[in-house]
Amino acid sequence: MDSVILSDQFLTNFAIFFALYCIHVVLIAPGNLVDWQIKLYLMLGALKITNIDKKAIQPNSLDVHLGRDFARQKADGSFESFQADYIVLKPGEFVLATTKEFFYFSSFLHGVMQGKSSWARLGLYVESAGLFDSGFEGEGVVELTNQGNCPLTLRADAAIAQMIFFRNLPVKRPYGKKKYSVSNYQGQKGARQSALANVLASDKIKNASRIENPSPLELN
């Protein structure tokens with residue numbers, strides 16, 4: 001009888017331990033989300049993404065797609081914003097673009113977006129300023145530069161980058177909470193330009209100042 005009781009107690013304890021272990025692995029332990037976890041988090045509402053294509057879920061990431069909003073940098077450094085179904089990116093050109101997907105990151109998730117290998121092999125450099133903080137809500141903005149020798153046609157809805165999702169401990173100061181910090185890009189839609197003010201203008205002022213008051217080295 002005692003052995004039966006001990007056996008039942010062992011099985012109960014093992015079942016509790018196994019259940020806690022599964023909860024820890026699936027929902028708590030830090031690390032990147034794999035395909036089945038992304039689907040589970042979406043189903044549970046722990047991760048929210050609008051305009052998502054479930055077929056775009058990859059083994060360790062989610063393919064994200066070009067939207068229709070762009071901003072092309074002009075020769076003077078300013079940007080021209082426009083909407084289009086596709087753009088032709090010439091060698092050396094720099095364009096801001098947006099993702100079709102709109103992300104909602106909880107306090108215990110953050111993301112990293114990076115380019116796709118297939119585009120990189122054509123000379124397209126995709127940067128997304130990398131990190132999407134816990135608490136961020138908005139479309140992703142990607143910076144596109146054609147580093148190749150031939151023009152590239154980029155179409156809306158094309159898979160342009162991949163988002164990798166990471167679990168983290170709940171943050172104390174999530175992005176987007178004004179009482180904690182300035183969150184310039186919270187809720188962004190469209191090809192939002194840099195929040196840095198007067199950077200290009202300051203460069204022009206510095207250059208003009210150097211011409212008007214050249215240093216002794218420059219006089220030589």
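The values are calculated or read from the model by the stated rules, or taken from the named source; none is laboratory data. Since the model is a prediction, treat every value here as computed from it, not as a measurement. Cβ: placed from backbone, ideal geometry, glycine included. Neighbour counts: every protein chain shown.
For the subset of region 41-67 comprising residues that are out of contact with any Ser or Thr (no Cβ under 9 Å at 6 or more places or on another chain) and basic (Lys, Arg), which member is modelled with the lowest pLDDT?
Ranking the qualifying residues of region 41-67, first place goes to 54.
List the pairs whose first member sits in region 110-130 and is more than 19 Å from residue 93 (Cα to Cα), whose second member is modelled with pLDDT under 90 and not in a loop (DSSP other than H, G, I, E, B), and whose Cβ atoms are under 7 Å apart, counting only residues at least 6 apart or on separate chains?
The qualifying pairs are 110/131; 112/131.
Is there any pair linking a residue in region 172-184 that is in the same structural domain as residue 105 (by TED's automatic domain parsing) to one that is part of a loop (DSSP other than H, G, I, E, B) and at pLDDT below 80, with Cβ under 6 Å and at least six apart or on different chains, and which?
173/180; 175/183; 176/183; 184/195
Got at least one residue in region 9-27 being at pLDDT 65 or above, more than 30 Å from residue 146 (Cβ to Cβ), exposed (fewer than 13 other Cβ atoms within 10 Å of the Cβ) and not assigned by TED's automatic domain parsing to the domain that holds residue 152?
yes
A quick yes/no check of all residues on (1) at pLDDT 90 or above; (2) surrounded by 14 or more Cβ atoms within 10 Å (Cβ to Cβ); (3) not in a loop (DSSP other than H, G, I, E, B):
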position	(1), (2), (3)
150	yes, no, no
160	yes, yes, yes
166	yes, yes, yes
175	no, yes, no
185	no, yes, no
191	no, yes, no
196	no, no, no
206	no, no, yes
